[in-house]
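Engineer: Sharing a structure here in structure tokens format.
The values are calculated or read from the model by the stated rules, or taken from the named source; none is laboratory data. Note that the structure is a prediction, hence the values are computed from the model and not measured. With ideal geometry, Cβ positions are generated from the backbone for all residues, glycine too; neighbour counts draw on all protein chains shown. Surface areas here come from the heavy atoms of the whole protein model, side chains and all, with no ligands, DNA or RNA. Shrake-Rupley method; radii C 1.70, N 1.55, O 1.52, S 1.80 Å.
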Amino acid sequence: MTKRPIRFYQVGSFAVGNRLLRDDERTVQSDPHRSNSIDSGHRACQGCGEALGARYALDAAMRATQGQLVAVNATGCLEVFSTPYPETSWRIPWLHSLFGNAPAVATGVSAALRVKGRSDVRVVSQGGDGSTVDIGFGCLSGMFERNDDVLYICYDNEGYMNTGVQRSGATPPAARTATTDAVGPQPGNAFGQGKDLPRIAMAHDIPYVATATVADLHDLEAKVERAMSFRGARYLHVLVPCPLGWGSASNETIHIARLAKETGLFPVFEAEYGTVTSVSKIRRRTPVEEYLKLQKRFAHLFGKNPRPEIVTHLQEIANRNIERYGLLDTADAPLARHATTAEVRS
Amino acid sequence: MNKRPFAITLDVGSSRSNHTGSWRVERPVYVDRLPPCNNACPAGENIQGWLYEAESGNYEAAWHKLVEENPFPAIMGRICFHPCESACNRAQVDEAVGINAVERFLGDYALEHGLRLPSAGEDTAKRVLIVGAGPAGLSAAYHLRRLGHGVRLVDSSAQLGGMMRYGIPAYRLPRAILDAEIARVVDMGVEVVLNHNVADIEVERESGGFDAVFLAVGAQLGKRVNIPAGDSAKILDAVSYLHEVAEENPPLLGRRVVVYGGGDTAMDAARTARRLGATEAVVVYRRNQERMPAHDEEYEQAKVEGITMLWLSTISEVQSDKIVIEKMRLNAEGFPEATGEYEELDADAVVLALGQDTDLSLLSQARDVEVENGSVKVAANLMANAQGVFAGGDAATEDRTATVAVGHGKKAARGIDAFVRGETLEPVAKHELADFAKLNTWYYSDAERTQRPELEKVRRQDNFEEVVLGLTERNALFEARRCMSCGNCFECDNCFGVCPDNAVIKLGDAGKYEFNYDYCKGCGICVKECPCGAIEMVPELI
Amino acid sequence: MLTQIEGSRAIAETVALCRPEVVCAYPISPQTHIIEAVGVMVKEGRLAPCEFINVESEFAAMSVAIGASAAGARAYTATASQGLLYMMEAVYNAAGLGLPIVMTLANRAIGAPINIWNDHSDAMAVRDSGWIQLFAETNQEAADLHVQAFRLAEELSVPVMVCMDGFILTHAVEGVDLLDQSMVDAYLPPYEPRQILDPDNPVSIGAMVGPEAFQEVRYLAHLRQLDALHRIPVIAEEFFAATGRHSGGLVHSYRTEDADTIVVAMGSVLGTIKDAVDIRRDSGERIGVVGITSFRPFPSLQVREALRHAPQVVVLEKAFSIGHGGVLATDISMALQGTGCVVREVVAGLGGRPITRLSLEKLFYKAARGELGELLFLDLDVEVVDRELARMKAGRRSGPSAENVLRDLGTTRVEGQGR
């Protein structure tokens, strides 16, 4: 494990901060002088998970590099809402080129810094799931294969949200998008094999691959810090719920991200040189319904004409993740509805 | 000259000129909600408040916050039946916070470190007569002295403490603790008159020229019932029994003692009898365990000490060496009904623990004071019908616990203070309750309650050594940190961290946080993710 | 030092003298020899500090160059044809961001049908991208233009593409006078970026610009290219002063003083044209040549000055806009508006079709007699075309023309004659 749980404080292991912790044990986000790499005034929707995830990740990277950081950004929501002329929300050196080339641009930046003898300056490349798993996939794989000194961060909101919520290679099965509408005998996105980029990244045997969500800041920050301790290509896949695209309440962003992990639909783990080194165990196991029901993109699975067989199918996907990564402390722990009572109430 | 490309390249942080707060239809605001523990505390303690200090390891600050409301933490930490813990939201996560144990730790810490109560207030030249030096009277004395009023505290007994001394056995409340906490109050400049029976309150008030009177005479009379008994049968009431034991003049009850009743006093009487040599101590109660008024802890400790229970039984006759018991059954409404079945039980003495009555004879001349069902009838400020006469504690309530009495003492002191100043005490509106639904308990680490150690059974048999032991500092700290701080910000930084718009300003140095409404878009994540429910959304006024 | 050397090699040696810091490469014929040679030099350490990045596509190649340039490094790459199209989005982006990347374009036709031989279709496809496009006539000029290209790019913060004919130049071994390092160092100062990704002085590069400023951004880019029209001759002049060699510049005239007909062209074909012109001159025809070195920015004024006195202008180009006609010819016509010059368009050499001196002589002969139509395809095999047209007329489903033509020419084994 890369993180150290702090049990003896009320909320030491889970909340953002804790007045009782020593400064060096606190999260980056609890620091009143944090970088705020992406600052106020950006035009992200209310409750945007990506805006949050970007600040979490980049502020952590800023701390890990003592502020010697350059970011490259793919086209997408994050780019559009952060830099509409004449205002930018970034406080770090930042470059946007195209939708599909952020990993390659980062390679160029990294190469230039090496030439200039500035290897102390580290490069982060970032984009949404569309630019990562689809259009920029070739460049990303190339960057991995060359093992360029770049941390690539994918903020996965499971679709092309900037263009109006269309399906991407990361859209989950059954989810409604503008191009996989909830009509016909198989409403929503088709059940395919999925495009599991963290595992694809691992197949490149790069030094570090990790997944995280905006619901667990400690984990996310620890992973960024760990990532920055390596040289070479690193990949961090952060689940960032999108209130607009997922049809969820703006205040549910973190809650939904948490449920994604607690259901097993989004396994949270880290891997080094192609081998999984740790997984974040499920703390309060939750059936997938509780995750799905909070999102209008899955509304067609419930209500007047429910599709329990599709929900079951999704549960099977979660179960497979749980099995594959060993997400439960005891593999055969029953799926208990009551275990989540507190969660539902909160 | 700016040689950067026009429009394509921008200066960092320039988006701060874009005030996204205008998107908002609801705004988050920080609130203080009433934690259920505070709400449940009869003494009105700010439990969440003092736990907050204790969490930091700042026990002195915690204790000072505690004694703002209640001057007897070491006593309360032993004898209070802690309704706070019954109300504690954490019980719905794992187990309630051991508030009482932490309170005791703080009380003992203060005694050990010689912490001092706040000094008496500036003299107001007003004088108050307090009749009865139990928890209500002492509490009132404490608060009145802090307000600067002169206090004369009179009691018919030889020592201060009322039921805390004469009703609660020393194995639950060591006398050194009791004496020390009482002494601290007396040292604030309380005039004490002991062994003094107030026969007529009006006379006493006028002769002393008191501006107000507080009646805190307690309920000192053990209730009696008519049980056919032989001449040689030994029957006494529990109040008197415990009183005599407290005066170190215990009556001899023989080897087999039966206690009649199902309350805490019954348990105390039985446990005391065991300690004083009874080989058998049997509690006879007409209902079953479920309906027994005694607190579980008391009952559990009694069981460990060998006390046996006879449920669904009434005593129909007492003889010199035995009693006759009629078996009962519960009807549909849960009331006991006679069955007509009898059995005998060997017994050398019967102690009646069937409740207590007040002795309000001192009011016989106070025509205006109304008494109802043995209690003085009082208004919300605890003032009786007569001007300047206040009443509290067991004398004014059916809810007869030391903690209620301490609360009454404080309330009365405030009522009296307002009265002597010629003011009216405005009731303070309570904050909204921080119920469980307002919390996000995900953020609290899993942490099971620390159990208080207890004295080994063999060491309890023939002495009055304290049974329940205190927490170590480490354990007390752990327990304090289990507090979820319901409804009150405890600086977890969640709002500061989870805002996608950096619209929360962390003030630092316990200054907590502020919203920056220039940028807050009103998404509500901070409210949803606030562990303790200390933020709420309110509509923007358009 | 005059050396017998392959064109690609000469480019590699010259690029090396320019001290590139990041070179990114993806192979495509006929560019391969250039980047192979640079790669060897980087690997040997001759260019240190320099990073040679083997990327996975031309799109990545230009993207890596963008990142490197924005981070303050002198970036270079080379491509051709399909590769240029595959990197097209990044080509535009580099220009839009004002990054002074230098790229060699080994001009090659664009498929389908796939064809690896020379023409100028690729360069024409990106003429509106905002890059400066310089066309080399010889390998000597191609080499020299690279030094000037870095200088120009970095002075103006605009990317520059040096276009040289694939195979005809890239693979031709001839004498090239390679520059020496001290000359290049004196001529080309270190890169001082106009904007840079610097943690100590952060900026956001690549903002989204809406209708309120986009047109202004584009207009400013245009002004910068107009500025280049002033700088290109100066830079060429300075190059001449340092080397005694005339390379670069905007346009070059050859025997045009008294010409009735002036032939306009770009790239290596100018050499053949000049030979043909000399021969026609010997026959008494008054014919001259104007070579365009700077296609973008397009030197309209200079072109007009060079051509206005000739009654007839023949634009011979290795590309055309299908459905319209010559690309260069259109620009020339625009430049000559109001002069009364007659402009004839000749499309030649597509897909590597040799442009022979003999064909040119015949062309000029006809031109001198006023026998040229508005648009001519030089050496078009009319018979083949007619047969295919007849086939197409016979049935709608006639199959791909390319296959049919090849079959017609007997270069492909005939299968499935049943159609």
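Engineer: Percent of accessible area on the stretch B:410-501 owned by carbon and sulfur, 1.4 Å probe? Please list the in-between numbers first.
Structural biologist: Values: 2100 of 4220 Å².
Result for the stretch B:410-501: 50 percent of the exposed heavy-atom area is carbon or sulfur.
Engineer: State, as an integer percentage, the relative contact order of chain A based on alpha-carbon contacts under 8 Å between residues 6 or more apart. Spell out each step's value before the answer.
Structural biologist: On the way: 694 pairs, mean separation 53.1, N = 346.
Relative contact order of chain A: 15 percent.
Engineer: Now, a different point. Between the DSSP loop rule and a limit of at most 11 other Cβ atoms within 10 Å, which trypsin sites (Lys or Arg not before Pro) in the stretch A:282-334 are left?
Structural biologist: Numbers: sites: A:283, A:284, A:285, A:293, A:296, A:297, A:304, A:320, A:324; in loops: A:283, A:284, A:285, A:293, A:304.
When the trypsin sites (Lys or Arg not before Pro) of the stretch A:282-334 are filtered for loop state and at most 11 Cβ neighbours within 10 Å, A:304 remain.
Engineer: Out of all DSSP beta bridges with both ends in the protein assembly as shown, state the antiparallel percent to the nearest 5.
Structural biologist: Working: 53 of 153 bridges.
Here the share of antiparallel DSSP bridges comes out near 35 percent.
Engineer: Here is a further query. For the stretch C:2-243, what proportion of DSSP beta bridges, expressed in % and rounded to the nearest 5, is antiparallel? Intermediate results must be reported in sequence, preceding the final value.
Structural biologist: On the way: 5 of 26 bridges.
Antiparallel bridges: around 20 percent, rounded to the nearest 5.
Engineer: Which order do you get for B:350, B:203 if you rank them by accessible area with a 1.4 Å probe, largest at the top? Write down the numbers at each step before the final one.
Structural biologist: Working: B:350 0, B:203 90 Å².
Sorted descending by solvent-accessible area, the residues read B:203, B:350.
Engineer: Apply the a/c threshold of 1.5 to the C-alpha gyration tensor of the stretch B:222-356 and tell me whether it is rounded, prolate or oblate. Don't skip to the answer; put the middle values down first.
Structural biologist: Working: a/c = 1.70, a/b = 1.23, b/c = 1.38.
Oblate, because a/c is 1.5 or more while a/b does not exceed b/c.
Engineer: Once you place label points 7 Å from the Cα toward the Cβ at residue C:286 and residue C:334, how far apart are they in nm?
Structural biologist: 3.0
Engineer: Under a plain spin-label model, where a point goes 7 Å from the Cα along Cα-to-Cβ, how far apart in nm are residue A:284 and residue C:401?
Structural biologist: So the two model labels end up 7.0 nm from each other.
Engineer: How much net charge surrounds residue B:175 when only the other residues with a Cβ under 14 Å from the Cβ of residue B:175 are counted, with Lys and Arg +1 and Asp and Glu -1? Please report the intermediate quantities before stating the final value.
Structural biologist: Working: positive: B:78, B:165, B:172; negative: B:179, B:181, B:247, B:248, B:465, B:466.
Computed value for this residue: -3.
Engineer: Taking the Cβ of residue A:318 as the center, what net charge do the other residues with Cβ under 13 Å away carry, scoring Lys and Arg +1 and Asp and Glu -1?
Structural biologist: On the way: positive: A:261, A:285, A:320, A:324; negative: A:262, A:289, A:290, A:316, A:323.
Net charge in that neighbourhood comes out at -1.
Engineer: At a Förster distance of 45 Å, what's the computed FRET efficiency of residue A:299 paired with residue A:203, Cβ-Cβ distance as r, to 0.05?
Structural biologist: Working: r = 36 Å, r/R0 = 0.79.
Efficiency computed from Cβ-Cβ geometry: 0.80.
Engineer: Order B:215, B:160 by their accessible area, 1.4 angstrom probe, all chains in place, largest first.
Structural biologist: Details: B:215 0, B:160 20 Å².
Sorted by accessible area, descending: B:160, B:215.
Engineer: Do any cysteines in chain B lack another Cys Cβ under 4.7 Å, and if so which?
Structural biologist: When partners are defined as cysteine Cβ atoms under 4.7 Å apart, chain B leaves B:41, B:80, B:88, B:483, B:486, B:489, B:492, B:499, B:520, B:523, B:530, B:532 without one.
Engineer: Mind giving me the FRET efficiency for residue C:253 and residue A:120? R0 is 35 Å, r the Cβ-Cβ distance, nearest 0.05 is fine. Numbers along the way, then the final one.
Structural biologist: Details: r = 55 Å, r/R0 = 1.56.
FRET efficiency, residue C:253 to residue A:120: 0.05.
Engineer: Among all the aspartates and glutamates, which ones have a C-alpha under 15 Å from residue A:281's C-alpha, if same-chain residues fewer than 8 places away are not counted?
Structural biologist: A:216, A:219, A:262, A:270, A:323, A:329, A:332, B:446
Engineer: Pop the C-beta distance of residue A:231 and residue C:242 into the FRET formula with R0 = 45 Å and round what comes out to the nearest 0.05.
Structural biologist: Working: r = 42 Å, r/R0 = 0.94.
Approximately 0.60, to the nearest 0.05.
Engineer: Further, regarding this structure: Give me the extension gain from residue B:370 to residue B:461: residue separation times 0.36 nm, minus the current Cα-Cα distance, reported in nm with one decimal. Each step should come with its number before you reach the end.
Structural biologist: Working: separation 91, 0.36 × 91 = 32.76 nm, distance 4.60 nm.
Here the segment from residue B:370 to residue B:461 would lengthen by 28.2 nm.
Engineer: Next up: In square angstrom and rounded to 100, what buried accessible area do you get between chains B and A, total over both, with the probe at 1.4 Å? Don't jump to the answer; show the numbers that get you there.
Structural biologist: Details: alone 25290 and 15680 Å², together 35880 Å².
Interface area, both chains combined: 5100 Å², rounded to the nearest 100.
Engineer: Please report the buried accessible area for the interface of C with A, total over both chains, probe 1.4 Å, in Å² to the nearest 100. Walk me through the numbers on the way to the answer.
Structural biologist: Details: alone 19200 and 15680 Å², together 32010 Å².
Result for this pair: about 2900 Å² buried.
Engineer: Also, quick follow-up: Please give the calculated 222 nm ellipticity per residue for chain A, where each DSSP H segment of at least 4 residues contributes -39500 (n - 2.57) and the sum is spread over every residue; nearest 500 deg cm²/dmol?
Structural biologist: Value at 222 nm, helices only, nearest 500: -9000 deg cm²/dmol.
Engineer: Using the crude model of +1 on Lys and Arg Cβ and -1 on Asp and Glu Cβ, and no other charge, please compute the dipole size for the protein assembly as shown relative to its Cα centre, in debye to 20.
Structural biologist: Numbers: 132 positive and 170 negative charges, 555 e Å.
In debye, rounded to 20, the protein assembly as shown gives about 2660.
Engineer: What share of the DSSP beta bridges in chain C is antiparallel, in percent to the nearest 5? If you can, show how the numbers build up before the last one.
Structural biologist: Values: 13 of 52 bridges.
Rounded to the nearest five, the antiparallel share is 25 percent.
Engineer: Under the classification rounded if a/c is under 1.5, otherwise prolate if a/b is larger than b/c and oblate if not, where does the stretch C:229-364 fall, given a ≥ b ≥ c as square roots of the Cα gyration tensor eigenvalues? Walk me through the numbers on the way to the answer.
Structural biologist: Values: a/c = 1.37, a/b = 1.25, b/c = 1.10.
Because its axes are fairly even, with a/c under 1.5, the stretch C:229-364 counts as rounded.
Engineer: I'd like the interface area for chains B and C: accessible area of each alone minus the complex, both sides summed, 1.4 Å probe, protein heavy atoms only. What is it in Å² to the nearest 100?
Structural biologist: Numbers: alone 25290 and 19200 Å², together 43300 Å².
Roughly 1200 Å² of accessible surface disappears when B and C pair.
Engineer: Out of the total accessible area of chain C (probe 1.4 Å, heavy atoms of protein only), what percent is carbon and sulfur?
Structural biologist: Details: 9240 of 17260 Å².
Of all accessible area on chain C, carbon and sulfur atoms account for 54 percent.
Engineer: Please compute the modelled spin-label separation between residue A:312 and residue A:145, points set 7 Å along Cα→Cβ, answer in nm with one decimal.
Structural biologist: Rounded to a tenth, the inter-label distance reads 4.3 nm.
Engineer: Now for a different question. Rounding to the nearest 20 debye, state how big the charge dipole of chain C is about its Cα centre with +1 on each Lys and Arg Cβ and -1 on each Asp and Glu Cβ. Mind showing how you got there, number by number?
Structural biologist: Details: 36 positive and 52 negative charges, 240 e Å.
Magnitude of the dipole: close to 1160 debye.
Engineer: Pulled fully out, how much extra length does the chain show between residue C:385 and residue C:43, if you take 0.36 nm times their separation in residues and subtract their Cα-Cα distance? Provide the component values of the computation, followed by the final result.
Structural biologist: Working: separation 342, 0.36 × 342 = 123.12 nm, distance 5.02 nm.
Working it through step by step, the gained length comes to 118.1 nm.
Engineer: Here is a follow-up. Count neighbours as other Cβ atoms within 10 Å of each site's Cβ, and list the trypsin sites (Lys or Arg not before Pro) in the stretch B:125-226 that are DSSP loop with at most 16 such neighbours.
Structural biologist: Numbers: sites: B:126, B:127, B:145, B:146, B:152, B:165, B:172, B:175, B:184, B:205, B:223, B:224; in loops: B:126, B:172, B:223, B:224.
Passing both the DSSP loop test and the Cβ count: B:223, B:224.
Engineer: Here is a further query. On average, how much accessible surface per residue is there in the protein assembly as shown, in Å², for a 1.4 Å probe, leaving out ligands, DNA and RNA? List each step's numbers first, then the result.
Structural biologist: Details: 51220 Å² over 1307 residues.
Accessible surface, normalised per residue, equals 39 Å².
Engineer: I've got another one for you. Determine the distance separating the Cα centre of the stretch B:214-282 from the Cα centre of the stretch B:470-542; give it in Å without decimals.
Structural biologist: 52
Engineer: Give the cross-link partners of residue B:223 among the lysines, using a straight C-alpha distance below 26 Å as the criterion and excluding same-chain residues fewer than 8 apart.
Structural biologist: Once the sequence-local lysines are set aside, what remains near residue B:223 is B:234, B:303, B:322, B:327, B:377.
Engineer: Something else about it: Hey, if you put +1 on the Cβ of every Lys and Arg and -1 on every Asp and Glu Cβ in the protein assembly as shown, which of A:127, C:228, A:310 ends up farthest toward the positive end of that dipole?
Structural biologist: C:228
Engineer: Name the shape class, rounded, prolate or oblate, that the alpha-carbon gyration tensor gives for the stretch A:23-345, where a ≥ b ≥ c are the square roots of its eigenvalues, rounded holds for a/c under 1.5, and otherwise prolate holds if a/b is larger than b/c and oblate otherwise.
Structural biologist: On the way: a/c = 1.63, a/b = 1.48, b/c = 1.10.
In terms of gyration-tensor shape, prolate.
Engineer: So, with a 1.4 angstrom probe, what is the percent of accessible area on chain A that is carbon and sulfur? It would help to have the intermediate numbers written out before the result.
Structural biologist: Working: 6040 of 11750 Å².
Ligands and nucleic acids excluded, carbon and sulfur reach 51 percent.
Engineer: Moving on to the next point. Mind ranking C:301, C:250, C:409 by accessible surface for me, highest first, 1.4 Å probe? Walk me through the numbers on the way to the answer.
Structural biologist: Details: C:301 125, C:250 10, C:409 90 Å².
Accessible-area ranking of C:301, C:250, C:409, largest first: C:301, C:409, C:250.
Engineer: Determine the dipole magnitude for the stretch A:23-345: charges of +1 sit on the beta-carbon of Lys and Arg, -1 on that of Asp and Glu, nothing else is charged, the reference point is the Cα centre, and the result goes in debye to the nearest 20.
Structural biologist: Working: 34 positive and 36 negative charges, 73 e Å.
With only Lys, Arg, Asp and Glu charged at Cβ, the dipole is about 340 debye.
Engineer: Ok, one more. So which aspartates and glutamates pass the test for residue A:195, namely a Cα distance under 14 Å, with those fewer than 8 places away in the same chain ruled out?
Structural biologist: Reachable aspartates and glutamates: A:129, A:134, A:156, A:158.
Engineer: May I pose another question? Just to confirm a number: summing +1 for Lys and Arg and -1 for Asp and Glu over residues other than residue B:422 whose beta-carbon lies under 15 angstrom from that of residue B:422, what do you get?
Structural biologist: Working: positive: B:126, B:414, B:421; negative: B:211, B:417, B:423, B:426.
Cβ neighbours under 15 Å give a net charge of -1.
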